[in-house]
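Engineer: Got a structure for you, questions after.
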Amino acid sequence: MLDYRIYRDCFSTAEMRSIWSEQATTSAWLKVEQVLARCQADLRLIPTSAADSIERIGITDLDLEALAAEMASVGRPIVGLVKQLRAIAGHHACHVHYKATTQDIMDTAMVTQMKCGLDEISTGADRLIELLDRHIRNHPSTLIMGRTNGQHAVPMLLSTKLNVWRSELYRRKEVISQAAKRGLNVQVGGPVGDLRGYENGSGEMVKSAVASKLGIDVVEPHWQNARDGISDIVGSLGAFCASLCKIAHNVNHLSGSDIAEVSETYVNGKGASSAMQNKRNQRASEFAEAVARLGRQRAEQIGELTLHEHERSGGAWIGEWVVVPEVFLLTSGALKWANTMFGNLVIHDDRMQSKCAEKSVPKTHSL
């Protein structure tokens with residue numbers, strides 16, 4: 001569904017799909033192989049000419065159909081990738097994927113994609129906070145009826161309501177940033193993560209060099225079977241989606257006919273009903289709520305995928321290949337709709353004021 005032409009822009013952004021596309025993912029694997037070779041060459045572990053040869057290989061040099069066929073047979077995509085790279089590299093074949101393992105390449109590539117995805121989410125979150133700031137500035141003294149337990153409470157400042165949402169989103173953004181500092185780490189460890197095969201500390205130097213070139217961090221000794229960093233990042237996105245879902249649900253509720261204190265800027269045909277011509281449905285808030293709900297629910301699955309056995313556990317690891325990208329895609333979609341929601345939000349302060357005035361008028365009761 002996330003790839004359907006008629007649905008995809010409803011559930012994710014084009015930018016996030018580009019980051020997690022099949023070509024981008026394959027390119028990320030290739031990039032890690034090339035960076036690894038260059039760092040090994042810089043440390044004189046392989047010839048410089050070998051790194052040069054590997055770096056000249058482009059994504060268009062690869063046969064993706066053959067890669068898919070190899071994946072179906074082997075169950076890991078890097079085996080087929082390495083086979084093709086070695087065929088292209090010719091007499092430098094033995095220096096391709098030198099002392100590396102499939103998980104080294106895939107984990108490190110995924111982290112580089114996560115880094116790009118988090119940059120997109122940070123930009124979108126900043127934009128959303130700015131939109132809330134604008135509404136807060138434009139309505140410094142507007143009153144809205146406070147509601148508790150589904151009932152009218154007492155009048156309150158609209159700016160207070162918006163400020164609570166703003167501060168919540170800001171905190172969620174900070175948590176994502178903190179999780180990124182813990183989870184965006186290089187994976188260079190070999191078969192069991194202990195840099196087996198490297199001598200005289202050269203493995204640690206290769207790991208640090210690869211991390212530096214890719215702009216990511218290092219954790220010792222390795223995180224091959226310790227997925228807490230990935231879990232922290234995905235979990236923080238799930239929590240962010242939970243906040244977006246709550247806020248969108250409230251805006252949707254305030255947009256309903258019975259309250260009608262806010263609405264979306266109307267454009268002819270927007271939110272139309274196929275059966276009832278009189279309706280102008282609020283679409284941004286409902287999609288923000290729905291997609292954010294999916295993002296939160298998908299993120300909850302990451303806990304299951306931290307349960308690795310011993311030094312590697314394919315049954316848990318494989319699940320990340322689906323869950324991690326989809327959480328990023330759904331978060332981007334929810335955030336896009338939230339930005340549309342507040343970017344097109346019309347605040348009917350006259351309706352808000354009238355409800356507050358009604359509540360303020362003392363009522364008499366006869367026995």
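The values are calculated or read from the model by the stated rules, or taken from the named source; none is laboratory data. Treat the numbers as computed from the prediction; the structure is a model and nothing was measured. Every residue, glycine as well, gets a Cβ built from its backbone with ideal geometry; the counts of neighbours run over all protein chains shown.
Engineer: Since E130 meets every condition but one in (1) within 27 Å of Q187 (Cα to Cα); (2) over 16 Å from the mean Cα position of the chain (by Cα), which condition does it not meet?
Structural biologist: Here E130 meets the rest and fails (1).
Engineer: Same structure, new question: D107: under 28 Å from the mean Cα position of the chain (by Cα), charged (D, E, K, R) and closer than 25 Å to V210 by Cα, yes or no?
Structural biologist: So D107 passes the test.
Engineer: Is the range 57-68 home to any residue that is farther than 15 Å from T112 by Cα, in contact with a Gly (Cβ under 9 Å, 6 or more places away or on another chain), surrounded by fewer than 16 Cβ atoms within 10 Å (Cβ to Cβ) and of a type in the set (G, A, S)?
Structural biologist: Yes, some residue in the range 57-68 is farther than 15 Å from T112 by Cα, in contact with a Gly (Cβ under 9 Å, 6 or more places away or on another chain), surrounded by fewer than 16 Cβ atoms within 10 Å (Cβ to Cβ) and of a type in the set (G, A, S).
Engineer: Give me the pairs, please: first residue somewhere in the range 305-326 and within 22 Å of I121 (Cβ to Cβ) and polar (S, T, N, Q), second residue anywhere and modelled with pLDDT of 90 or more and not in a helix (DSSP H, G or I), beta-carbon distance under 6 Å, and either six or more positions apart or on two chains.
Structural biologist: Every condition considered, the pairs that remain are T306/R227.
Engineer: Here's a follow-up. Being among the small types (G, A, S) and either in contact with a strand residue (DSSP E or B) (Cβ under 7 Å, 6 or more places away or on another chain) or more than 30 Å from V327 (Cβ to Cβ) (or both) is the filter here, so list the residues in the range 143-176 that pass it. Break it down stepwise before answering.
Structural biologist: Step one: list which residues in the range 143-176 are among the small types (G, A, S), which gives 146, 150, 153, 159, 167.
Selection gives G146, G150, A153, S159.
Engineer: Among the residues of the range 214-249, which ones are closer than 22 Å to L330 by Cα and without any contact (Cβ under 8 Å) to a residue 40 or more places away in the chain?
Structural biologist: Pass one, the range 214-249, residues closer than 22 Å to L330 by Cα: 227-249.
Within the range 214-249, K246 is the sole residue that qualifies.
Engineer: Now a separate question. With the condition kept exactly as written, say whether any residue in the range 74-88 is in contact with a Leu (Cβ under 9 Å, 6 or more places away or on another chain) and on the phi > 0 side of the Ramachandran plot.
Structural biologist: Looking through the range 74-88, none of the residues is in contact with a Leu (Cβ under 9 Å, 6 or more places away or on another chain) and on the phi > 0 side of the Ramachandran plot.
Engineer: Could you tell me whether S49 is modelled with pLDDT of 95 or more, surrounded by fewer than 18 Cβ atoms within 10 Å (Cβ to Cβ) and farther than 25 Å from G189 by Cβ? Outline the logic, then answer.
Structural biologist: Values: modelled with pLDDT of 95 or more: yes; surrounded by fewer than 18 Cβ atoms within 10 Å (Cβ to Cβ): yes; farther than 25 Å from G189 by Cβ: yes.
Considered against the rule, which asks whether it is modelled with pLDDT of 95 or more, surrounded by fewer than 18 Cβ atoms within 10 Å (Cβ to Cβ) and farther than 25 Å from G189 by Cβ, S49 comes out as yes.
Engineer: Can you name every residue in the range 35-86 that is assigned to a loop (DSSP other than H, G, I, E, B) and either over 20 Å from K213 (Cβ atoms) or hydroxyl-bearing (S, T, Y) (or both)? Outline the logic, then answer.
Structural biologist: So in the range 35-86, the residues assigned to a loop (DSSP other than H, G, I, E, B) come out as 43-47, 56-58, 62-63, 75-76.
Those that are assigned to a loop (DSSP other than H, G, I, E, B) and either over 20 Å from K213 (Cβ atoms) or hydroxyl-bearing (S, T, Y) (or both): L62, D63, G75, R76.
Engineer: Residues in the range 308-331: is at least one at pLDDT 95 or above, farther than 21 Å from S18 by Cα and of a type in the set (D, E)?
Structural biologist: no
Engineer: What residue, of Q178, Q224, is assigned to a loop (DSSP other than H, G, I, E, B), farther than 19 Å from A51 by Cα and polar (S, T, N, Q)? Give the steps one after another, and end with the answer.
Structural biologist: Values: Q178 fails: assigned to a loop (DSSP other than H, G, I, E, B).
After applying the criteria, what remains is Q224.
Engineer: With the condition kept exactly as written, say whether any residue in the range 162-184 is under 30 Å from E220 (Cβ atoms) and among the β-branched types (V, I, T).
Structural biologist: Yes: the range 162-184 contains one or more residues that are under 30 Å from E220 (Cβ atoms) and among the β-branched types (V, I, T).
Engineer: How many residues does the range 193-217 contain that are outside any helix (DSSP H, G or I), of a type outside the set (D, E, K, R) and farther than 24 Å from V327 by Cα?
Structural biologist: Step one: filter the range 193-217 for residues outside any helix (DSSP H, G or I), giving 193-201, 215-217.
Of the ones still in play, those that are also of a type outside the set (D, E, K, R) are 193, 195, 197-198, 200-201, 215-216.
With the extra rule that they be farther than 24 Å from V327 by Cα, the set shrinks to 193, 195, 197-198, 200-201.
Count: 6.
Engineer: Filter the range 1-20 for residues that are surrounded by 15 or more Cβ atoms within 10 Å (Cβ to Cβ) and part of a loop (DSSP other than H, G, I, E, B) and give the result.
Structural biologist: Within the range 1-20, L2, S12, T13 meet the criteria.
Engineer: Follow-up question, since we're still on this one. For the range 254-265, give me the residue count where each residue is of a type outside the set (S, T, N, Q) and surrounded by fewer than 17 Cβ atoms within 10 Å (Cβ to Cβ).
Structural biologist: First, pick out the residues of the range 254-265 that are of a type outside the set (S, T, N, Q): 254, 256, 258-262, 264.
Remaining after also requiring surrounded by fewer than 17 Cβ atoms within 10 Å (Cβ to Cβ): 256, 258-260.
Total satisfying the criteria: 4.
Engineer: Looking at the range 171-191, which of its residues are among the β-branched types (V, I, T) and in contact with a His (Cβ under 9 Å, 6 or more places away or on another chain)? Write out each step before concluding.
Structural biologist: Of the range 171-191, the ones among the β-branched types (V, I, T) are 175-176, 186, 188.
The answer is V188, and nothing else.
Engineer: Give me the pairs, please: first residue somewhere in the range 80-109 and under 14 Å from L62 (Cα atoms), second residue anywhere and in a helix (DSSP H, G or I) and aromatic (F, W, Y), beta-carbon distance under 9 Å, and either six or more positions apart or on two chains.
Structural biologist: L81/W29
Engineer: Restricting attention to the range 137-158, and to residues there that are of a type in the set (S, T, N, Q) and outside any strand (DSSP E or B), which single residue is nearest to E358 (Cα to Cα)?
Structural biologist: Applying the first criterion (of a type in the set (S, T, N, Q)) to the range 137-158 yields 138, 141-142, 148-149, 151.
From what's left, outside any strand (DSSP E or B): 138, 141-142, 149.
On the way: N138: 24, S141: 18, T142: 15, N149: 19 Å.
Among residues in the range 137-158 that are of a type in the set (S, T, N, Q) and outside any strand (DSSP E or B), the one nearest to E358 (Cα to Cα) is T142.
Engineer: Moving on. Does the range 36-72 hold any residues that are β-branched (V, I, T) and free of Cβ contacts under 8 Å to residues at least 24 places away in the same chain, and which are they?
Structural biologist: Of all residues in the range 36-72, those β-branched (V, I, T) come to 46, 48, 54, 57, 59-60.
Of everything in the range 36-72, those that are β-branched (V, I, T) and free of Cβ contacts under 8 Å to residues at least 24 places away in the same chain turn out to be T48, T60.
Engineer: Something else: Which of (1) among the small types (G, A, S); (2) free of Cβ contacts under 8 Å to residues at least 12 places away in the same chain; (3) within 30 Å of W337 (Cα to Cα) does A28 not meet, given it meets every other one?
Structural biologist: (2)
Engineer: Among all residue pairs at least 6 apart or on different chains, which show Cβ distances below 7 Å where the first residue, located in the range 339-350, is touching a residue at least 24 places away in the same chain (Cβ under 8 Å) and the second is aliphatic (A, V, I, L, M) and not in a helix (DSSP H, G or I)?
Structural biologist: Matching pairs, first to second residue: L345/V262; V346/V262; I347/V262; H348/A260; H348/V262.
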